[in-house]
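The values are calculated or read from the model by the stated rules, or taken from the named source; none is laboratory data. This is a predicted model, so every value here is computed, not measured. All Cβ positions, even for glycine, are placed from backbone atoms using ideal geometry, and neighbour counts span all protein chains on display.
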Amino acid sequence: MPFPEILLAFAAYVAGSANMAIVLLKMVGKPDPRLFSSKNPGVVNVYRQEGPVWAGIVLVLEIGRAVAVALAARYLLDGRFVAWIGLFLVVGNRYPVFHRFRGGKGVAAYLGFTLALVPIWAIVSMPAWLITHRLTRTPFIGSFVMIGLLATGMLVQSGGSMLEALGTFATIALIVHGHGSNMRQWRSGLRSSV
């Protein structure tokens, strides 16, 4: 990776490391979401802990940060390594340097990243998540439908670039891996629903 790509990958990791749920709830004197329910500082757990208003604020902040990273990548890299910048954003979200490497699962970060790059796919993925969740009452299954649509959009947009496809697959693999405990609980019959 040439220097601009390395610098932007590092910046994406640092940006992803500022988990909006942890930062926002701490700023307003609310408990760390990693102490409750799924112990994940993500939008769904904030919804469980603090309700829809706080979850909505966290979602908007997560998406906004990720859109900024994606726009910087698109502008500075001319389509090269862009999917990899998304991976580093998600790595920062999953393993945040500012939060003792205990972060979220990266779904909202990836949604925001793709919203800037493949907006139609991102917009379609949101009701797909809601419908899937409504049918299954299982948030992670909705997340898998969402990231599947987002990845499809990224692959279509990449125009067959193997480099971009590998970055997209690596990002999806990291997000799926982050849901390992959800999958184990679901298989054992202990569903975590909202």
Study note, to complete from the structure: Scanning the stretch 35-62 for residues that are outside any helix (DSSP H, G or I) and hydrophobic (A, V, I, L, M, F, W, C) gives F36
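Listed here are the residues, each with its yes/no results for (1) under 22 Å from F140 (Cα atoms); (2) free of Cβ contacts under 8 Å to residues at least 60 places away in the same chain; (3) not polar (S, T, N, Q).
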| site | (1), (2), (3) |
| --- | --- |
| P2 | no, yes, yes |
| A9 | no, no, yes |
| A12 | no, no, yes |
| A18 | no, no, yes |
| K39 | yes, yes, yes |
| V43 | yes, no, yes |
Check your understanding: Filtering the stretch 75-86 down to residues that are modelled with pLDDT of 90 or more and not hydrophobic (A, V, I, L, M, F, W, C), which residue is farthest from A109 (Cα to Cα)?
Key -> Y75
Review point. Condition test on P127, is it within 18 Å of the chain's Cα centre (by Cα) and without any contact (Cβ under 8 Å) to a residue 12 or more places away in the chain?
Key: yes
Check your understanding: Within the stretch 108-148, which residues are of a type in the set (A, V, I, L, M) and over 26 Å from S17 (Cβ atoms)?
Key -> I120, I123, V124, A128, L130, I131, L135, I141, V145
Practice item. Among the residues of the stretch 94-121, write down those that are more than 13 Å from the chain's Cα centre (by Cα) and over 19 Å from A11 (Cβ atoms). Key: R100, R102, V118, P119, I120, W121
Practice item. Scan the stretch 1-53 residue by residue and report those that are under 19 Å from the mean Cα position of the chain (by Cα) and of a type in the set (K, R). Key: R34, K39, R48
Practice item. Would you check which residues across the stretch 14-56 are at pLDDT 80 or above, farther than 15 Å from G106 by Cα and among the polar types (S, T, N, Q) and list them? Key: Q49
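Residues are listed down the side, and each one gets a yes or a no for (1) over 25 Å from A151 (Cβ atoms); (2) in contact with a Leu (Cβ under 7 Å, 6 or more places away or on another chain):
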| site | (1), (2) |
| --- | --- |
| N19 | no, no |
| V28 | yes, no |
| A55 | no, no |
| V60 | no, no |
| A72 | no, yes |
| G103 | no, no |
| A109 | no, yes |
**Study point:** Every residue from the stretch 129-145 that is part of a helix (DSSP H, G or I) and exposed (fewer than 15 other Cβ atoms within 10 Å of the Cβ)
**Key:** L130, I131, R134, L135
Practice item. Might you check whether a residue that is of a type in the set (G, A, S), under 26 Å from E164 (Cα atoms), surrounded by fewer than 22 Cβ atoms within 10 Å (Cβ to Cβ) and at pLDDT below 90 occurs anywhere in the stretch 59-74? Key: no
**Study point:** Residue under evaluation G112, criteria (1) surrounded by fewer than 17 Cβ atoms within 10 Å (Cβ to Cβ); (2) part of a helix (DSSP H, G or I); (3) not aliphatic (A, V, I, L, M), criterion not met
**Key:** (1)
